[in-house]
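Colleague: Structure below; questions to follow.
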Amino acid sequence: MSADLSNIFSEELQSATDLNGLSQLRVKYLGKKGIITAELKALSALAAEERKAAGKRVNDLKSSVEAALDFKEASLKSDSLRSKLLSESIDISLPGKSSGFGRQHPLSRIMSEITDIFVRMGFSIEEGPEVELDRYNFELLNIPKDHPARDMQDTFYVSDEILLRTHTSPVQVRVMQRQKPPLRFIAPGRVYRCDADITHSPMFHQVEGLMVDKDITFSNLKAVLRTFVHQMFGADTAVRFRPSFFPFTEPSVEIDIGCFLCGQAGCRVCKSTGWLEVLGAGMVNPAVLENVGYDPDEYSGFAFGMGIERIAMLKYAIDDIRLFFDNDIKFLKQF
Ligand code: PHE
């Protein structure tokens, strides 16, 4: 009978293909009401002489059933682990997920190229407020309230005395008021004018520069700005200093560079002149030095200012200033 039982168990064990079936089988044979448990209980009804041999048989059967169940359980578990590992394996030959690199905005790039050049020439960097007093933006720069030069810059007024700065020149005044010469700094930043078309934006960027000390002459202005142009646009670039007017500099100049787009032959960008205007500059007007409490007989200096968008447009041959502010990735990716 036990031999039969052993065979039946073997068949049932074979057909148990998962852990759930296996545990049902274990209950069926070894559980409280299991077949083998019942046989063990039945031993007590046997006569003493039969009980010994029968007991050994049932106990042997019980051990071999337990061992077979344990073995199968272990092998089912390792099978399922193996298939789990296989299904979860990582294919390291798949291409990675790229997070994509960002890049500098073309204006930021031009801005840092410009600041790098001046920092190498010993200029430090200063900042000033974008919401500015009329006093700093105009009056102390020798542009009184009724002066026609105010028409050169269409201004956003916040109130009679407060405005959005129209240029970075007020930083000249602020720094001179709190420091004594020698001074040598640039002041990059945003400026605002009530003006909008393909070459004008109501907000744009300038870099101001100022150098004040004893014995600063127009030669120093020419040397510094020529060096700047050659580093920014290439050592072969032609430079021209053309007389101009700014109330805060005297004499004043406009600095043109030879048009690098047409090799000075004349094109649409240089309006057939062969020259591109890139900077305003001049010797600091003695009236401005007096306004900040410097003695114009002791100190002199030069100042300059340039528009970043304009330089970027020239350098990258961009014909619409609004492209800088549209945040169109296809445009920005090109630089
Ligand atoms: N502030 C002038 C402008 O915005 C530029 C300039 C700066 C000219 C310094 C001379 C000296 O047009």
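Colleague: Name the residues whose placed amide hydrogens come within less than 5 Å of the amide hydrogen of residue 167, ignoring near sequence neighbours (fewer than 5 apart) on the same chain.
Modeller: Those qualifying (amide H under 5 Å, at least 5 residues apart or on another chain) are 192.
Colleague: Roll a 1.4 Å probe over the protein chains and send me the accessible area per residue for the chain in Å².
Modeller: Numbers: 18910 Å² over 335 residues.
Here the per-residue accessible area is 56 Å².
Colleague: What do you reckon, how do 17, 273 stack up by accessible area (1.4 Å probe), largest on top?
Modeller: Values: 17 110, 273 80 Å².
Of 17, 273, the descending order of accessible area is 17, 273.
Colleague: While we're here: In whole percent, and with a 1.4 Å probe on the protein chains, what portion of the accessible area of the stretch 106-332 is carbon and sulfur?
Modeller: On the way: 5240 of 10520 Å².
Taking all protein chains in place, the stretch 106-332 shows 50 percent carbon and sulfur surface.
Colleague: Ignoring ligands, DNA and RNA, what percent of the accessible area of the stretch 2-84 is carbon or sulfur (1.4 Å)?
Modeller: Carbon and sulfur together cover 56 percent of it.
Colleague: Please give the helix 218-233 orientation as an angle from the longest Cα principal axis of the chain, in degrees from 0 to 90, rounded to the nearest 10.
Modeller: For helix 218-233, the angle is close to 30 degrees.
Colleague: Then there is this: Work out the P(r) tail for the chain: percent of alpha carbon pairs separated by more than 25 Å, whole number.
Modeller: Numbers: 36947 of 55945 pairs.
Of the Cα pairs, 66 percent sit more than 25 Å apart.
Colleague: Give me, ordered by chain and number, the residues 5 or more places off residue 162 or on other chains with an amide H under 5 Å from its own placed amide H.
Modeller: 134
Colleague: On a 1.4 Å probe surface of the protein chains, which of 203, 313 comes out largest in accessible area, and what is the full order?
Modeller: Values: 203 45, 313 25 Å².
Result of the area sort, largest leading: 203, 313.
Colleague: Now, a different point. Using r as the Cβ-Cβ distance of residue 17 and residue 319, and R0 as 45 Å, what FRET efficiency do you calculate, to the nearest 0.05?
Modeller: Details: r = 75 Å, r/R0 = 1.66.
Given R0 = 45 Å and the Cβ-Cβ separation, E is 0.05.
Colleague: Convert each backbone phi in the stretch 124-136 into a coupling constant with the Karplus relation 6.51 cos²θ - 1.76 cosθ + 1.60 (shift: θ = phi - 60°), then list the ³J(HN,Hα) values in order as whole Hz, x for Gly and Pro.
Modeller: 9, 10, 10, 10, x, x, 7, 8, 10, 7, 3, 3, 7
Colleague: Among 163, 186, 198, which residue has its Cα positioned farthest towards the positive end of the charge dipole of the stretch 150-234, with +1 placed on the Cβ of Lys and Arg, -1 on the Cβ of Asp and Glu, and the dipole taken about the Cα centre?
Modeller: Projecting each Cα onto the dipole axis, the largest value belongs to 186.
Colleague: Another one. What number, in nm² with one decimal, is the all-direction average of the projected area of the convex hull of the alpha-carbon atoms of the stretch 124-225? Kindly include the intermediate steps, with their values, before the conclusion.
Modeller: On the way: hull surface 29.6 nm².
Average of the hull's projected areas for the stretch 124-225 equals 7.4 nm².
Colleague: Amide H of residue 253: which non-local residues (sequence gap of 5 or more, or other chain) have their own amide H closer than 5 Å, using H built in the peptide plane?
Modeller: Answer set, sorted by chain and number: 244, 281, 282.
Colleague: On to the next question. Can you compute log10 of I(q)/I(0) for the stretch 24-173 with the Debye formula, treating each Cα as one identical point scatterer, at q = 0.11, 0.14, 0.17 Å⁻¹?
Modeller: -0.77, -0.91, -1.07
The values are calculated or read from the model by the stated rules, or taken from the named source; none is laboratory data. Given the structure is predicted, the values throughout are model-derived calculations rather than measurements. Glycine also receives a Cβ, built like all others from the backbone with ideal geometry; neighbour counts cover every protein chain displayed. Heavy atoms of the whole protein, side chains included, go into the accessibility calculation; ligands, DNA and RNA do not. Shrake-Rupley method; radii C 1.70, N 1.55, O 1.52, S 1.80 Å.
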